[in-house]
Amino acid sequence: IFLNGADAKAAQIFTLVHELAHLWLGESGISDIDMVCMSSDIPNKIEKKCNEVAAEVLVPGLMLKDHWKAGLPLENNAEDLSSFFRVSSIVIARRLLDLKLVSFKEFISFYQKQVERWRREKENRPSGGSFYRTMPVANGPYFTHAVMQSVFSQRTLMRDGARLLDTNPVNLEEFAHRTGII
């Protein structure tokens, strides 16, 4: 199991449980399912099932319904519930959407606000040294190597590998040359 070191701890925990579900089901996979994608739109049944397992393990539906405060806005509920369940507010919001406790419109609005907040936080972070030296540190050396091997053995599209490593395809090509992968 490879976890993206650049992800928040809450996101890493979700990924860990998702990947454990892959092991339980005996199915492997490198994926990057979009959080705004409706569950019914996920073409891969295994990915859908792994997402469902991770969601239920981390945020049990019955427990979430018990702690949901219908009178509060999604933002307040998501922050309070994320502390209680120790997952990100996005995972809470997504779980509420899947359980039909919030509308898709409410979820998208909340999601977009969170993405904007993350973008601002990222812009305000100081930049660090060489990208090609820090990429394996940020993503974890094993994960970076696994993605790069998958991309350059043509099992994963370059654009998908770049997205998994939070970079663009041009950087993957240069990284592969610098590290001797190709």
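Extension gain, Lys9-Trp24: 0.36 nm per intervening residue step, less the Cα-Cα distance, totals 3.2 nm.
Each peptide in 112-125, 58-71, 146-159 was scored by the mean count of other Cβ atoms within 10 Å over its residues; highest first, the order is 146-159, 58-71, 112-125. Take the chain with all the other protein chains still there, run a 1.4 Å probe, and you get 61 Å² of accessible area per residue.
A protection proxy built from the mean count of other Cβ atoms within 10 Å ranks the segments 100-110, 79-89, most packed first, as 79-89, 100-110.
Is the shape of region 66-146 rounded, prolate or oblate, going by the alpha carbon gyration tensor and its root eigenvalues a ≥ b ≥ c, with a/c under 1.5 for rounded and a/b larger than b/c for prolate? Verdict is prolate for region 66-146. For a Förster distance of 22 Å, can you work out the FRET efficiency between the beta-carbons of Tyr142 and Val170, rounded to the nearest 0.05? About 0.40, to the nearest 0.05.
Carbon and sulfur: what percent of the chain's accessible surface (1.4 Å probe)?
Answer for the chain: carbon and sulfur cover 56 percent of the accessible area.
Quick one: grab the alpha carbon gyration tensor of region 97-182, order the square roots of its eigenvalues as a ≥ b ≥ c, and give me rounded if a/c is under 1.5, else prolate or oblate depending on whether a/b is larger than b/c. Oblate shape, in that a/c is at least 1.5 and b/c is the bigger or equal ratio. To the nearest 0.05, what FRET efficiency results for Arg163 and Glu52 with a Förster distance of 30 Å applied to their C-beta separation? According to the calculation, E is roughly 0.85.
Take each peptide in 175-182, 6-13, count the other Cβ atoms within 10 Å of every residue, and average; sorted highest first, the result is 6-13, 175-182. Projected onto planes of every orientation and averaged, the convex hull of the alpha-carbon atoms in the chain covers 11.2 nm². The modelled label-to-label distance for the pair Phe131/Phe152, using points 7 Å beyond Cα in the direction of Cβ, is 1.7 nm.
The values are calculated or read from the model by the stated rules, or taken from the named source; none is laboratory data. Values in this document were obtained by computation on a predicted structure and should not be read as measured data. All Cβ positions, glycine included, derive from the backbone under ideal geometry; neighbour counts span all protein chains shown. With ligands, DNA and RNA removed, areas are computed over all heavy atoms of the protein, side chains included. Shrake-Rupley method; radii C 1.70, N 1.55, O 1.52, S 1.80 Å.
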